[in-house]
Amino acid sequence: MTRITLPGLIDVHVHLREPGGEHKEDYASGTAAAIGGGITCVLDMPNTTPPTTDAAQLRAKHALARRGARCDVGIFVGASTDNAETVGGLAPHACALKIYVNSTFGPLRVDDWQLLERQIANWPLTRPIVTHSEGDVLPRVLELAKRHAKPLHIAHVATRQEIETIAAAKDAGQPLTCEVTPHHLVLTRDDLPRLGPLGDVRPRLAAPDDRAALWQYLQYIDCVATDHAPHTLAEKHSANVPPGLPGLETSLPLMLTAVDDGRLSLEQLTALMATNPARIFGLAPQPDTYVEVEVGRRRQIDSTGLQTKCGWTPFAGVEVAGRVIRTVLRGRTVFDGDRVLAEPGSGRVLYGYDENEE
Ligand code: NCD
Ligand code: ZN
């Protein structure tokens, strides 16, 4: 058994559900889950109710996050059918623009190609554009980004076809980054009979060959991001199953297990979970911020003691070889391996408004 210190991790894809989905998660519970998982900065998605697509909603979300966050939070704005000419003005207070080209949970969608082109063309170069662009739409999205010389970050790459498309575009010199989720690295559709509705997620769990391709093309992958998307167990077991699963507390243990198994080096883990996310999203370093982990002792993940409000994990029963024993944010122990010690509101919200703007 070994103890290792890692930098505070950054998760560039989380859904903290405020406003409108507080019964699933809120800033206080979601950031408790983050620090319990060794993550000290999260970037929060815009598919809330209402969605974060204008100045009033972005401001309201900043206020909610300032009150609730226990770690640092950056807030995404979302592309909608009616904000292509205005959303760029929100860039100074947003971590990035999210464009949903495919259907998923929530109403945000840009599936008209002319509109998509305007959204990509109008967004300033100061912050990244992140796309949910699965399967056949991916090459067309890459083409539009190339035409307008905009660097893209591709969310949750899940298939061989997608990672091979991205690898080819990167090799051809296109400015492009991408993330994969721990669930696509660990689970496949073969797990669906066991998981039932708990395994329903977008992108869907894929074939074993797709999972193998993600590992094979690891050097083309820039970030591991959880796509932490909590829904209640009642919702997951309802007739209308919402896609999405939680991941903040299991991401690092799963990736440390890959290190223990010799599939990943600690240097790669640090690049995927801290340094690359910081570089791609231009995030300032968090001084005196680190995570202490214990590696080597095997245990099974279970659903007890989770910080996420949804209270379940699709990885229950999965054997892992890593555990977070302490998370330190700006010199303060915010998680002691057992308890969350940071209060709501002690985290920072990135790209805030001036006091007199509030
Ligand atoms: C996400 C959600 O629930 O907000 N669901 C999911 O399956 N990943 C939406 C998303 O990121 O696609
Ligand atoms: Zn998501």
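The values are calculated or read from the model by the stated rules, or taken from the named source; none is laboratory data. Quantities reported herein were computed from a predicted structural model and do not represent experimental measurements. With ideal geometry, Cβ positions are generated from the backbone for all residues, glycine too; neighbour counts draw on all protein chains shown. The area values use the complete protein model at the heavy-atom level, side chains included, leaving out ligands, DNA and RNA. Shrake-Rupley method; radii C 1.70, N 1.55, O 1.52, S 1.80 Å.
For the reader, a short list of remarks on this structure follows.
- A count restricted to region 22-42 and to residues that are open to solvent by 10 Å² or more (accessible area, probe 1.4 Å) and touching a Phe, Trp or Tyr at 6+ places or on another chain (Cβ under 7 Å) stands at 1.
- For region 136-160, taking the residues that are in contact (Cβ under 8 Å) with a residue 40 or more places away in the chain and open to solvent by 10 Å² or more (accessible area, probe 1.4 Å), the one that is nearest to residue 97 (Cα to Cα) is identified as 159.
- Residues within region 168-185 that are open to solvent by less than 20 Å² (accessible area, probe 1.4 Å) and of a type outside the set (Asp, Glu), tallied: 9
- Residue under evaluation residue 3, criteria (1) out of contact with any helix residue (DSSP H, G or I) (no Cβ under 6 Å at 6 or more places or on another chain); (2) more than 15 Å from ligand 2 (Cβ to nearest atom); (3) in a helix (DSSP H, G or I); (4) closer than 23 Å to residue 273 by Cβ, criterion not met: (3)
- Single condition residue 247 does not satisfy, out of (1) modelled with pLDDT of 95 or more; (2) more than 16 Å from residue 17 (Cβ to Cβ); (3) not charged (D, E, K, R): (2)
- Taken over region 107-135, the criterion of being open to solvent by 30 Å² or more (accessible area, probe 1.4 Å) and out of contact with any helix residue (DSSP H, G or I) (no Cβ under 6 Å at 6 or more places or on another chain) is satisfied by 107, 109, 111, 112, 113, 114, 118, 121, 125, 134.
- Looking at 218, 283, 233, 254, just one residue is open to solvent by 40 Å² or more (accessible area, probe 1.4 Å) and among the aliphatic types (A, V, I, L, M), and that residue is 233.
- Scanning region 294-340 for residues that are surrounded by 18 or more Cβ atoms within 10 Å (Cβ to Cβ) and among the hydroxyl-bearing types (Ser, Thr, Tyr) turns up 308, 313, 327.
- Residues located in region 54-72, provided they are of a type outside the set (Lys, Arg) and either in contact with a Phe, Trp or Tyr (Cβ under 9 Å, 6 or more places away or on another chain) or surrounded by fewer than 24 Cβ atoms within 10 Å (Cβ to Cβ) (or both): 54, 55, 56, 57, 58, 60, 62, 63, 64, 65, 68, 69
- Odd one out for residue 45, checked against (1) within 16 Å of ligand 1 (Cβ to nearest atom); (2) buried (at least 24 other Cβ atoms within 10 Å of the Cβ); (3) over 14 Å from the mean Cα position of the chain (by Cα); (4) of a type outside the set (Val, Ile, Thr): (3)
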